[in-house]
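Just below is one structure, and these are the notes that go with it.
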Amino acid sequence: MPTAAEHYNRLLADVYSWMYGGWDAALARYTEFFDSRGIAPNGGKRAIDLGAGCGFQAIPLARRGFSVTAIDLDCKLLAELEQHKGGEEIETVCADILSFRSHAPKTAELIVCMVDTLLHLDSQAAVTRLVDDVFAALEPGGTFIATFRDFTVETNELDRFIPVRSDDRTIFTCFLEFEPDTVKVHDLVYRRVDGRWDFAKSFYRKLRLPTAWVVTTLRDAGFGNVETGLDRG
């Protein structure tokens with residue numbers, strides 16, 4: 001079974017920025033996300049981005065004055081981050097986010113784990129371990145921001161097929177298979193190369209994490225003020 005890291009290396013990393021509507025559109029989206037929540041340094045100014053990818057969150061945070069450690073298993077995406085970071089204070093680390101405390105500052109004012117990074121872990125036990133480590137790594141009064149899709153409600157039949165994005169050179173579709181604890185995500189990508197269409201396919205699994213379970217896990221770890229909300233993810 002392909003892991004999330006293998007799936008990204010095999011297929012998804014090559015179309016990741018494009019999938020989000022292009023680099024500028026994705027960066028603007030997360031800039032607005034942090035703007036609307038008033039995220040800015042107010043302590044030690046250190047931030048850790050878990051599952052940083054190509055920098056859609058790390059770069060806006062650095063532009064706000066944070067010193068960011070950006071950690072991801074996909075070195076292709078981190079190379080893209082390096083190309084775009086300019087003079088911002090961002091250190092990239094190609095490593096498993098479960099080992100982030102070996103690579104990041106001992107304490108941080110802000111830790112983010114966004115998009116579906118939590119769902120890429122292989123079990124609820126791994127999520128619990130990560131949340132415990134995040135709480136231990138935050139300085140007093142620090143903030144943890146996590147976003148993820150709640151796949152506990154199944155889609156059925158044709159609604160399982162999702163047209164992700166298409167243009168005259170690339171067509172990206174995925175479909176979902178729901179299992180008891182995971183959703184199996186099949187990604188299908190056609191790319192036009194030298195006048196012909198090349199086809200690539202791969203799949204991986206994401207956890208089905210109920211929002212209520214995540215909230216309980218955060219509180220059990222010691223987080224006293226847990227806020228939830230709906231966003232485009």
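The values are calculated or read from the model by the stated rules, or taken from the named source; none is laboratory data. All of these numbers come straight from a predicted model, not from anything done at the bench. Positions of Cβ are generated from backbone atoms using ideal geometry, with glycine treated the same way; all protein chains shown enter the neighbour counts.
A few remarks follow.
- Residues in the range 122-146 that are farther than 19 Å from Thr69 by Cβ, surrounded by 15 or more Cβ atoms within 10 Å (Cβ to Cβ) and under 15 Å from the mean Cα position of the chain (by Cα): Val127 alone.
- Unique residue being more than 30 Å from Ala136 (Cβ to Cβ) and without any contact (Cβ under 8 Å) to a residue 12 or more places away in the chain when the list is Val185, Val189, Val193: Val193
- Residues of the range 95-143 satisfying the condition of being free of Cβ contacts under 8 Å to residues at least 40 places away in the same chain and part of a helix (DSSP H, G or I): Leu98, Ser99, Arg101, Ser102, Ala125, Ala126, Arg129, Asp133, Ala136
- Test result for Val164, in contact (Cβ under 8 Å) with a residue 60 or more places away in the chain, hydrophobic (A, V, I, L, M, F, W, C) and under 19 Å from Leu11 (Cα atoms): yes
- Scanning the range 3-16 for residues that are in a helix (DSSP H, G or I) and out of contact with any Asp or Glu (no Cβ under 7 Å at 6 or more places or on another chain) returns Ala4, Glu6, His7, Arg10, Asp14, Val15, Tyr16.
- Taking the range 18-50 as the range and being under 18 Å from Lys106 (Cα atoms), of a type outside the set (Asp, Glu) and either in a loop (DSSP other than H, G, I, E, B) or touching a helix residue (DSSP H, G or I) at 6+ places or on another chain (Cβ under 7 Å) (or both) as the test, the residues that pass are Pro41, Asn42, Gly43, Gly44, Lys45, Ala47, Ile48, Leu50.
- As for the range 190-199, it holds no residue that is outside any loop (DSSP other than H, G, I, E, B), closer than 21 Å to Ala5 by Cβ and outside the structural domain of Tyr30 (by TED's automatic domain parsing).
- Arg149 vs. criteria modelled with pLDDT under 95, outside any strand (DSSP E or B) and surrounded by fewer than 11 Cβ atoms within 10 Å (Cβ to Cβ): no
- Residue that is under 19 Å from Leu209 (Cβ atoms) and of a type in the set (Val, Ile, Thr), where the choices are Val93, Val127, Val164: Val127
For (1) in the same structural domain as Leu138 (by TED's automatic domain parsing); (2) under 15 Å from Ala137 (Cβ atoms); (3) surrounded by 24 or more Cβ atoms within 10 Å (Cβ to Cβ), each residue gets a yes or a no:
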| position | (1), (2), (3) |
| --- | --- |
| Ala47 | yes, yes, yes |
| Gly65 | yes, no, no |
| Gly87 | yes, no, no |
| Ala95 | yes, yes, no |
| Ser99 | yes, yes, no |
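- In the range 154-168, the qualifying residues are those that are surrounded by 10 or more Cβ atoms within 10 Å (Cβ to Cβ) and touching a helix residue (DSSP H, G or I) at 6+ places or on another chain (Cβ under 9 Å), and the one that is nearest to Gly21 (Cα to Cα) is Arg165.
- Within the range 3-61, tally of residues that are closer than 27 Å to Asp167 by Cβ, of a type in the set (Asp, Glu) and over 16 Å from the mean Cα position of the chain (by Cα): 2
- Check on Lys76, over 14 Å from the mean Cα position of the chain (by Cα), under 20 Å from Ser202 (Cβ atoms) and among the charged types (D, E, K, R): yes
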